[in-house]
Amino acid sequence: MPVPKAELHLHIEGTLEPELAFALAARNGVTLPYADTEALREAYRFSDLQSFLDLYYGLMAVLRTAEDFTELADAYLARAGEQGVRHAEIFFDPQAHTARGVPFGVVVEGLCAALDRAEERYGISTRLIMCFLRDESAESAMATLEAAKPYLGRITGVGLDSAEVGHPPAKFREVYEEAARLGLRRVAHAGEEGPAAYVREALDVLGVERIDHGLRCLEDPELVERLARERVPLTLCPLSNVRLRAIDAIGDHPLRTMLAAGLVATVNSDDPAYFGGYVEDNFDAVRDALGLGEEELRTLARNSFLAAFLEDDEELRGR
Ligand code: ES4
Ligand code: ZN
């Protein structure tokens, strides 16, 4: 039985498995530039973040209707339940859909139809976090936040994802200020491919409560000390780091060093359909490669509930 855990770094579009992609393509009359699911899987050999993002955004062409988003989310939640997930904070990329003519409301209503049944069907509580694409303009992010206003009852927070290098957190200062005024929780990807300085900037300029990835914080000992002291959770994604070549091999993952430094590390799956495994597969991979014991695995699971945007009573149930 997998240990009960919260998943805090999961892009719903990154759960699109090749079989569902082809089924949706057929249903929606979309032609994919791959002969079949096998040919598509063959293309999942990434050299860096951008090479992944190009394929990831391309494949989203098959997601068109609210039902498509419902099916996508329901398939993820079913698998997450099998992997011990009791709480999931789910990222989505509204701009990747609105840019293709799929309205914000269609995406949110589609996702929520699945999320609303998750507690009853799979025993999973859920939250939605909308991410801004950092390689798009701050104006586009602000317009997306504006488009979200009718749906804020369903959205817990904002995040920042996509191509990191050259798009520092400070570019989105005003957007995050407005998000805070609206009562939204704040997170951001930082230190995945970008430098430790981006992690610092996400904390100081955007006021984020968690850092997604944060791997490169290790290049700045003072920052590591601060993250540990302030108990800022890091949502690590070990299999993602290997597939996107942030590290050479799973055995090189610095998770052990991070735990020893007192960092509130969590283990998550990022884009499981693309990176070779869901969250328990990530736990298994680091356990086997780094020789983690029961104690460390329990700490990781406990950290996931501590780092979640849950109310106190919900957090206790999770543990
Ligand atoms: C992402 Cl692994 C990763 N990094 C940044 N942005 C993303 N969006 C989806 N997956
Ligand atoms: Zn991510």
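What follows draws every value from the coordinates through simple rules; no lab data is involved. None of the values given here were measured: they were computed from a predicted structure. With ideal geometry, Cβ positions are generated from the backbone for all residues, glycine too; neighbour counts draw on all protein chains shown.
Which residue, Tyr57, Leu72, Tyr34, has the largest displacement toward the positive end of the dipole of the range 32-103 when charges sit on each Cβ (Lys, Arg +1; Asp, Glu -1)?
The one lying farthest along the dipole's positive direction is Tyr57.
Please work out, to two decimal places, the log10 of the ratio I(q)/I(0) at q = 0.20 Å⁻¹ from a Debye calculation in which every Cα of the range 95-242 carries one identical scatterer.
Log10 I(q)/I(0), no solvent term: -1.25.
Give a residue-ordered list of calculated ³J(HN,Hα) values for the range 238-248 (Karplus: 6.51 cos²θ - 1.76 cosθ + 1.60, θ = phi - 60°; whole Hz; x for Gly, Pro).
x, 5, 4, 4, 6, 5, 9, 6, 6, 10, 6
Evaluate the Debye formula for the range 23-170 with equal point scatterers sitting on the alpha carbons, no solvent, and hand back log10 of I(q)/I(0) at q = 0.14, 0.17 Å⁻¹, in q order, two decimals.
-0.77, -1.13
Radius of gyration and Dmax for the range 73-114's Cα atoms, expressed in Å?
Final numbers for Rg and Dmax: 12.1, 36 Å.
Given only helices, namely DSSP H runs of n ≥ 4 each adding -39500 (n - 2.57), what is the per-residue ellipticity at 222 nm of the chain, to the nearest 500 deg cm²/dmol?
-14000 deg cm²/dmol
Net charge near Glu146, counting Lys/Arg +1 and Asp/Glu -1 over other residues with Cβ under 12 Å of its Cβ?
Counting the neighbours of Glu146, the net charge comes to -1.
Can you work out the Karplus-derived ³J(HN,Hα) for every residue in the range 114-128? Use 6.51 cos²θ - 1.76 cosθ + 1.60 with θ = phi - 60°, whole Hz, and x for glycine or proline.
With the stated coefficients, the range 114-128 comes to 7, 4, 5, 9, 5, 5, 6, 6, 10, x, 10, 7, 9, 9, 10 Hz.
For the range 287-300, just list the computed ³J(HN,Hα) in residue order, Karplus coefficients 6.51, -1.76 and 1.60, θ = phi - 60°, integers in Hz, with x standing in for Gly and Pro.
The phi angles translate into 4, 5, 6, 9, x, 6, x, 3, 4, 5, 5, 5, 4, 4 Hz.
For the range 19-100, would you read off the P(r) tail past 16 Å as a percentage of all alpha carbon pairs?
Value for the range 19-100 (Cα pairs over 16 Å): 61 percent.
For the chain, give the magnitude of the charge dipole about the Cα centre (Cβ charges: +1 Lys/Arg, -1 Asp/Glu; no others), in debye to the nearest 20.
For the chain, the charge dipole is close to 400 debye.
Give the peptides 104-114, 217-227 in descending order of average Cβ contacts within 10 Å, highest first.
104-114, 217-227
Can you bin the range 218-319 into rounded, prolate or oblate? Criterion: square roots of the alpha carbon gyration tensor eigenvalues sorted a ≥ b ≥ c, rounded for a/c under 1.5, prolate for a/b above b/c, oblate for the rest.
oblate
How large is log10 I(q)/I(0) at q = 0.09, 0.11, 0.14 Å⁻¹ when the Debye formula is applied to the Cα atoms of the chain, each weighted equally and without solvent?
The computed values of log10 I(q)/I(0) come out as -0.41, -0.63, -1.09.
Report the FRET efficiency, 1/(1 + (r/R0)^6), for Asp312 and Glu119, where r is their Cβ-Cβ distance and R0 is 22 Å, rounded to 0.05.
0.75
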